[in-house]
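Trainee: Here you go, one structure.
None of the figures in this text is laboratory data; all of them are computed from the coordinates on show. Keep in mind that what you see is a predicted model, and the values were worked out from it rather than measured. No Cβ is skipped: glycine too gets one built from the backbone with ideal geometry, and neighbour counts run over all protein chains shown.
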Amino acid sequence: MKANSLVSKIQKMGGTASLISEKRTDYDGRPWTKHEVVGELKGYDIHMDDLEASFFTVRHESKRDHFDPGSDYNPGGFRFCYRLSDLEQFAQGVAA
């Protein structure tokens, strides 16, 4: 999945999104750059942690900073999406 395509799709659906690049240094002192997509669409937070990722995560804004220590499966309430078309359900506000 291309990060620019995800940003563009979110924006076309009326949301906001941006591609963020941050320079870092690894443990051996070598520089590298972390890239990620951060967005919002109709009350849902969207995040793609790496430009090489084959998925992005979506979760309702009410779950921000939420962690359920009793849940081993998905403590943060994330939904994993693998296609840009997966955004349609969130744009319509009908995600179950």
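Trainee: From the Cα gyration tensor of the stretch 3-90, with a ≥ b ≥ c the square roots of its eigenvalues, which class applies: rounded if a/c is under 1.5, or else prolate if a/b is larger than b/c, or else oblate?
Mentor: In terms of gyration-tensor shape, oblate.
Trainee: Take Tyr44, Tyr82 and order them by how many other Cβ atoms sit within 10 Å, fewest up front.
Mentor: Tyr82, Tyr44
Trainee: Something else now. Quick one: which residues, 5+ away or cross-chain, put their amide H under 5 Å from the amide H of Gly77? H built at 1.01 Å from N.
Mentor: none
Trainee: What distance in nm separates the two pseudo spin-label positions at Gln11 and Ser62, each 7 Å out from Cα along the beta-carbon direction?
Mentor: It works out to 3.1 nm between the two label points.
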